[in-house]
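> Shown below is the structure under consideration.
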Amino acid sequence: MDQENDILKRVCGGCTACCKTHLIYEISKPWGMWCSHCSIGKGCLIYADRPSGCQKFSCQWLLGFGKEEERPDRMKIVVDSIFPTPVGRVYVLFEVTEGALGSRFAQDTTQLLLGNGYPIYHVPLRGESTVHVPPGFFIPAGTEFSIDGRKVAKVVHYRAAGIILPKSTG
Ligand code: SF4
Ligand code: SF4
């Protein structure tokens, strides 16, 4: 979304991945579809007037997560973080291209974050979202996992490290 991280000097550059993955309330842009204002791989055509949701957003890569070469448009995954939620901070992996949640990058990232004790949402381009719950994680009774008001259909609990993730069915 044409943002910049002053500390790391990371910039969106040619990445416009979140202009596909994310829901933008202000312009009724749905999940998983290119925004009509996006010049794909170049930037926002209404940059000066883009919605506040776009102005405020930075993905985790832009904030310093992962390697320089793991920019979301290259990995086909946008890593986001949501806080607060009823279960604290959760990380979200949004698919940019169908099947990307089955990639090595998505699996390694999920394992890394589960290993650090965070629940992870997987949001495929099509189909239902899944939440992956790390070993020993306490979920208060009655907790409903949802993301932007959309209920997460499937909850997968892990009992131990050495996690093997199911392939995306997206
Ligand atoms: S996904 Fe991240 S790097 Fe790519 S355009 Fe959005 S904020 Fe920038
Ligand atoms: S308005 Fe611009 S920054 Fe926001 S999603 Fe659309 S193209 Fe991306």
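> Return the residues of the range 29-50 that are more than 18 Å from residue 72 (Cβ to Cβ) and under 19 Å from the mean Cα position of the chain (by Cα); say none if nothing qualifies.
30, the sole residue that qualifies.
> Kindly check whether there is at least one residue in the range 66-84 that is without any contact (Cβ under 8 Å) to a residue 60 or more places away in the chain, in a loop (DSSP other than H, G, I, E, B) and among the β-branched types (Val, Ile, Thr).
No, the conditions are met nowhere in the range 66-84.
> Select from the range 39-92 the residues that are surrounded by fewer than 20 Cβ atoms within 10 Å (Cβ to Cβ), more than 16 Å from ligand 2 (Cβ to nearest atom) and of a type in the set (A, V, I, L, M) and write down the one among them that is nearest to residue 13 (Cα to Cα).
63
> Looking for whichever is among the small types (Gly, Ala, Ser), over 24 Å from residue 146 (Cα atoms), within 10 Å of ligand 1 (Cβ to nearest atom) and touching a Lys or Arg at 6+ places or on another chain (Cβ under 9 Å) here; the options are 64, 14. Which one fits?
Answer to the selection: 14.
> Test residue 4 against the stated conditions and say whether it is within 15 Å of ligand 1 (Cβ to nearest atom) and under 16 Å from the mean Cα position of the chain (by Cα).
It is false that residue 4 is within 15 Å of ligand 1 (Cβ to nearest atom) and under 16 Å from the mean Cα position of the chain (by Cα).
No value in this document is a laboratory result; all are computed from the given coordinates. Treat the numbers as computed from the prediction; the structure is a model and nothing was measured. Heads up, the Cβs are rebuilt from the backbone with ideal geometry, glycines too, and the neighbour counts pull from every protein chain shown.
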